[in-house]
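Structure, as structure tokens:
The values are calculated or read from the model by the stated rules, or taken from the named source; none is laboratory data. All values reported here derive from a predicted model rather than from experimental measurement. Positions of Cβ are generated from backbone atoms using ideal geometry, with glycine treated the same way; all protein chains shown enter the neighbour counts.
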Amino acid sequence: MGAGSRKVVLAAGAIVWRVRKRTVDVLLIHRPRYDDWSWPKGKLDPGETLPAAAVREVAEETGVQVVLGRPLPSVTYKLASGCTKVSHYWAATVPSEDSPALAARPKAARSKNEVDQVIWVPAQKALKMLTRKSDRAPLGALLDYLDEDRLATWAVQLARHGQARPRATWRGGEATRPLTAVGKRQAEALVPLLSAFGAEEIVTSPWARCHDTVMPYSMATGLATVGAPQLTEVEAKSDPKGARALVAEFLRVRREGAVLCLHRPTLPLILDTVGSRSAYRVRDVLPEQDPWLQPGELLVLHLANPGKHKARVVAAELHRN
């Protein structure tokens, strides 16, 4: 059930973290209405995705813009109304002020009445300050990931292009088959998702339906799109090693966040490459059968260098507009 239903209320937020002098600090808020210390979070707006809501709520309650990292355990509890509230959390960091991802976001109006204190505190102190005991669970996971060298992640986002005109109704070639009106809306809806996870590179099959899917994000950020012929259906079929090598390069070493826009027939090849570089438990999250991803759907891969070894996909999540 979604936000606003009678039984379940969805909320999203983040644990914003930083390391200073070998100490991990996290960002806490105090709400005068409840006189409690908690994480910045809030309910979803109509039609909003969980990651977009998390970024917006952190900005509104703390005045801080963040980029989401790997997901953390959610927190579930009963409200006075009898509804169940489920709050979803991500680890998050503060990007540089000139991060292109921030240009794709609307200006956040700071909440003046809901929050009266926003403070950085050492994580161990935060465990004692949190009013609700259940709020300790996502922080505990964050600290575990830190100990395992699996917290400082970067994201590679795999997007399937939006809904396109059916082949049977398009007289032009495959390279020019366009998005439908629904596909264009899906492309627009990807913008807050790609921004939430900090995409700073846009790589796409040059075919129209892929290129046009990432164009709204390109226009919102000012980032140029990079055409990758290896990702077209024809090239991936004739030279699968080329497509594998391209994707493997994005999974090999730390770099700024990226989005790769793909076609359905290329996804089994790409996901096989992803699976070979994923932690065992992550493989269960990866799509296993056709259509792999729905039109406009996003697979977010979180990578880290655990133990200073080769980069591994340490978490993955699916988001559909």
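In segment 46-71, of all residues being of a type in the set (A, V, I, L, M, F, W, C) and farther than 17 Å from Trp154 by Cβ, the one that is surrounded by the fewest Cβ atoms within 10 Å (Cβ to Cβ) corresponds to Val64. Within segment 1-27, residues that are at pLDDT below 95 reach partners that are among the polar types (S, T, N, Q) with beta carbons closer than 6 Å, at six or more positions or on different chains, in the pairs Val8/Thr84.
Among residues of segment 97-112 that are more than 29 Å from Arg33 (Cβ to Cβ) and touching a residue at least 40 places away in the same chain (Cβ under 8 Å), those with a beta-carbon under 6 Å from a residue that is of a type in the set (S, T, N, Q) and assigned to a loop (DSSP other than H, G, I, E, B) at least six positions away or on a different chain give the pairs Leu102/Gln65.
Taken as a whole, the condition of being more than 18 Å from the chain's Cα centre (by Cα) and either in contact (Cβ under 8 Å) with a residue 12 or more places away in the chain or in a loop (DSSP other than H, G, I, E, B) (or both) does not apply to Val58. For segment 62-84, the criterion of being in contact (Cβ under 8 Å) with a residue 40 or more places away in the chain, closer than 13 Å to Glu114 by Cβ and out of contact with any helix residue (DSSP H, G or I) (no Cβ under 6 Å at 6 or more places or on another chain) is met by at least one residue.
Table: residues versus (1) closer than 25 Å to Gln65 by Cβ; (2) in contact with a His (Cβ under 6 Å, 6 or more places away or on another chain); (3) polar (S, T, N, Q); (4) surrounded by 14 or more Cβ atoms within 10 Å (Cβ to Cβ).
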| residue | (1), (2), (3), (4) |
| --- | --- |
| Arg105 | yes, no, no, yes |
| Ser111 | yes, no, yes, yes |
| Val115 | yes, no, no, yes |
| Arg136 | no, no, no, yes |
| Ala159 | yes, no, no, yes |
| Gly162 | no, no, no, yes |
| Pro166 | no, no, no, no |
| Gly172 | no, no, no, no |
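Once segment 61-86 is narrowed to residues that are among the small types (Gly, Ala, Ser) and under 16 Å from the mean Cα position of the chain (by Cα), the residue that is nearest to Leu318 (Cα to Cα) is Gly69. The residues of segment 187-224 that are closer than 10 Å to Gly162 by Cα and buried (at least 24 other Cβ atoms within 10 Å of the Cβ), listed by number, are Ala187, Leu190, Arg209, Cys210, Thr213, Val214.
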